[in-house]
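Reviewing the structure listed below.
The values are calculated or read from the model by the stated rules, or taken from the named source; none is laboratory data. Values in this document were obtained by computation on a predicted structure and should not be read as measured data. Reconstructed Cβ throughout: ideal geometry from the backbone, glycine too, with neighbour counts over all protein chains shown. Accessible surface is based on the protein model in full, side chains and every heavy atom, while ligands, DNA and RNA are left aside. Shrake-Rupley method; radii C 1.70, N 1.55, O 1.52, S 1.80 Å.
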Amino acid sequence: MVSNEPAVTPELVAEHGLTPDEYERIRKLIGREPTFTELGIFSAMWNEHCSYKSSKVHLRTLPTKASWVIQGPGENAGVIDIGDGLAVVFKMESHNHPSYIEPYQGAATGVGGILRDVFTMGARPIACLNALSFGAPDNPKTRHLVAGVVAGIGGYGNSFGVPTVGGEVRFHRRYDGNCLVNAMAVGIAEAGKIFYSAASGVGMPIVYLGSKTGRDGIHGASMASAEFGADAEEKRPTVQVGDPFSEKLLLEACLEIMEKGCVIAIQDMGAAGLTCSAVEMGAKGDLGVTLDLDSVPCRETGMSAYEMMLSESQERMLMVLRPEKEKEAEAIFRKWGLDFAIVGETTPTKRFIVRLGGAVMADLPIKELGDQAPVYDRPAAQAPKHPIFDAATLEAPIGIAEALEKLIGSPDLCSKRWVWQQYDHVILGNTVQRPGGDAAVVRINDGPKALALTADVTPRYCEADPFEGGKQAVAEAWRNLTATGARPLALTDNLNFGNPERPEIMGQLVGCIRGIGEACRVLDFPVVSGNVSLYNETNGRAILPTPTIGGVGLLDDFTKSITLGFKSEGEAILLVGETTGWLGQSLYLREVYGREEGAPPPVDLAAEKRHGDFVRGLIRDGLVTAVHDISDGGLLIALAEMAMASGIGAVLENPTNALAHGFWFGEDQARYVLTAGLSDRKRVLARAQEAGLPLRMIGTTGGHVLALANERPLAVTRLRDRFEAWLPDYMRGSER
């Protein structure tokens, strides 16, 4: 090989995130010292973000199969069959580190990347969601990050033309130095026309599609596999720059060449750019790949092989093309104003060869680049068990009404309208249920079928007990879908954790994966895609363990979906599930008393299944008029949200036990609030009794206040004012 590249030194190896042992493994694998370009390629392929080297052992334990699963983990996105010849394609990924450094572009390119993962499979995107975690509101950087991230998500999604229909936003001091931006995209494809990334055939042309390559994003994947320190600002050049209008053109061009039968294999140029896409296509097809970088369209002059191979410039694809379709495919891309260049070919050698200016810059075994990446079964320390919190020890609790007002206007429970009003959530005209409910509902084409979509996790539970927290994250996503009337089908996950080299962090990851797997098995809710984001810490301080769950469910008839708002006066309010008043790790305990302690509520998965199936049956048979699952803040928060959504109040019965704050604000799981007309109430109660399920009447809808015995009545309008005020006030710098 001829090269004027810098010599590889131990310092250079360390800068590329490779350990001395890993570098020695590379030397043995290729039988020599790697070139500088080869070092970059190995760094990209062997970093945590691309190789899953710390999580792969544990991810293999997750259930990924069901009769409706067409494609599980391992492709650009997961695919499930929804009947009538249609499939849903979906995935969630993180853009955490880039969003902290440059919030607008970091979040925007996160949306762009996940959209490409979906349409690379041949699907037209129909919806996006996101899950956002920010630092404490009083941190001087939080407001800046919230503004930039939300603007970036809206700017990209709105311009691309896909509705952003749901998600979640939280605040906690543990995200001060490391915000989380998890983006999810969902698309629809013909079940028999899914496109995969494995190359096939020798001598097939490899085609570069989309926008030109620049120097933005170099080492983006490596940056995502390292902790932040004092040099976070110096990493700003590694953040990619997105162009949603180019991506829209790329979508239309890709779907057109797919429809014309031009494509053998296609891969998004995401993390690690040209390197990862080319290697994965060849390795999956058991073929070699030769690239000629002189043919790569570049927007900057004098780019080196190293820079071209590691650039993460956006809106780019790599495709293996049917040779006889070359002219037709090129004409389609030129029509859409996009670059189309043959940059290589498939070979029988199983070698990955990269040339520039006639010189061989890399010559590596293609299978081993991925298959021989290190896999670590790192030490995992089990988290100490938190004692069960004794609610009876709370002295002189404030009144229930006062506590409700405090909670409903707190950062985590307040309305997130300020966020989602910046997103176009109705473009394409199929959004049936908008943000703000249990789950979004999006009609498929002209109906009658629709998808219910949600993203959820409770990080404080996951830290206190990773196994129970992992179970709860899945169970809550399952409940969110159920509450609309949808049948939960499958999920995608985004596992956000700190440094896996620390046994206590690895213990969190292992425990959460165990919990997720257990819940998926019991609820028949397989994992079909996902992402792992590790090293989310700054100066040695980790984020809360945050395994975000993105759930997808199916409604056979969107007109029968149900919302959470009270529908009319004089209806019975019914509570499904056992209420023990569990206050450990509750938002009531945190917001009212400033205490984050105790074990999280246990998750009885068999009860979750029974209660959810029961609720869906009631919705299907038209016996209930409103449904809301109970989660953060407990029963009274759920009731307040139902009242605020409709403007209708309620007269509520007090619990018979003495610990009213536990009854109203405890976070026991497997619970729903339902409303039913008085004529249907007896039928619902009879069904519950016949099924042996806990169900009780706790009040009646009516009036314009929430009325509890021995408490001052709370006007629904006053609650709504508090609910809606906190976030806009905060973003104006005038929070209460």
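Structure above, values below:
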| item | result |
| --- | --- |
| Count of region 239-257 residues which are in a helix (DSSP H, G or I), surrounded by fewer than 20 Cβ atoms within 10 Å (Cβ to Cβ) and of a type in the set (A, V, I, L, M, F, W, C) | 3 |
| Qualifying positions in region 375-390 - of a type in the set (A, V, I, L, M) and either open to solvent by 100 Å² or more (accessible area, probe 1.4 Å) or free of Cβ contacts under 8 Å to residues at least 24 places away in the same chain (or both) | ILE388 |
| Residue that is open to solvent by less than 20 Å² (accessible area, probe 1.4 Å), within 37 Å of the chain's Cα centre (by Cα) and over 18 Å from ALA403 (Cα atoms), where the choices are ALA643, ALA691, ALA670 | ALA670 |
| Residue match in region 338-353 (condition: open to solvent by less than 70 Å² (accessible area, probe 1.4 Å), outside any strand (DSSP E or B) and out of contact with any strand residue (DSSP E or B) (no Cβ under 9 Å at 6 or more places or on another chain)) | no |
| In region 311-330, residue farthest from GLU300 (Cα to Cα) [restricted to those that are within 36 Å of the chain's Cα centre (by Cα) and in a helix (DSSP H, G or I)] | ALA329 |
| Filter result (of a type in the set (D, E, K, R) and open to solvent by less than 10 Å² (accessible area, probe 1.4 Å)) within region 527-544 | GLU537 |
| Top-ranked residue in region 284-310 [being in a loop (DSSP other than H, G, I, E, B) and of a type in the set (A, V, I, L, M); ranked as farthest from LYS367 (Cα to Cα)] | MET303 |
| Some residue of region 24-32 being open to solvent by 30 Å² or more (accessible area, probe 1.4 Å), closer than 22 Å to MET309 by Cα, of a type outside the set (Gly, Ala, Ser) and not in a helix (DSSP H, G or I) | yes |
| Residue among LEU12, LEU59 that alone is farther than 25 Å from GLN267 by Cα, among the hydrophobic types (A, V, I, L, M, F, W, C) and either surrounded by fewer than 17 Cβ atoms within 10 Å (Cβ to Cβ) or touching a residue at least 40 places away in the same chain (Cβ under 8 Å) (or both) | LEU12 |
| Test: residue in region 311-329 that is without any contact (Cβ under 8 Å) to a residue 60 or more places away in the chain, open to solvent by 50 Å² or more (accessible area, probe 1.4 Å) and not hydroxyl-bearing (Ser, Thr, Tyr) | yes |
| Residue in region 551-565 that is open to solvent by 10 Å² or more (accessible area, probe 1.4 Å), basic (Lys, Arg), outside any loop (DSSP other than H, G, I, E, B) and under 29 Å from GLY649 (Cβ atoms) present | yes |
| Yes/no for PRO163 being without any contact (Cβ under 8 Å) to a residue 24 or more places away in the chain and either of a type outside the set (Lys, Arg) or open to solvent by 20 Å² or more (accessible area, probe 1.4 Å) (or both) | no |
| Identity of the residue in region 578-600, under 20 Å from ALA519 (Cα atoms) and surrounded by fewer than 23 Cβ atoms within 10 Å (Cβ to Cβ), that ends up farthest from the chain's Cα centre (by Cα) | GLU578 |
| Close pairs (6 angstrom Cβ cut-off, 6 or more residues apart or separate chains): in contact (Cβ under 8 Å) with a residue 60 or more places away in the chain in region 667-687, among the small types (Gly, Ala, Ser) and in a loop (DSSP other than H, G, I, E, B) anywhere | GLU667/SER586; GLU667/GLY634; ALA670/GLY577; ARG671/GLY577 |
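Residue by residue, here is whether (1) surrounded by 23 or more Cβ atoms within 10 Å (Cβ to Cβ); (2) in a helix (DSSP H, G or I); (3) not hydroxyl-bearing (Ser, Thr, Tyr) holds:
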| position | (1), (2), (3) |
| --- | --- |
| GLU608 | yes, yes, yes |
| GLY617 | no, yes, yes |
| VAL651 | no, no, yes |
| ARG683 | no, yes, yes |
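Rundown of residues vs (1) closer than 22 Å to GLY577 by Cα; (2) open to solvent by less than 10 Å² (accessible area, probe 1.4 Å); (3) of a type in the set (Ser, Thr, Tyr), yes/no style:
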{"residue": "LYS471", "(1), (2), (3)": "yes, no, no"}
{"residue": "TRP478", "(1), (2), (3)": "yes, yes, no"}
{"residue": "THR482", "(1), (2), (3)": "yes, yes, yes"}
{"residue": "ALA490", "(1), (2), (3)": "no, yes, no"}
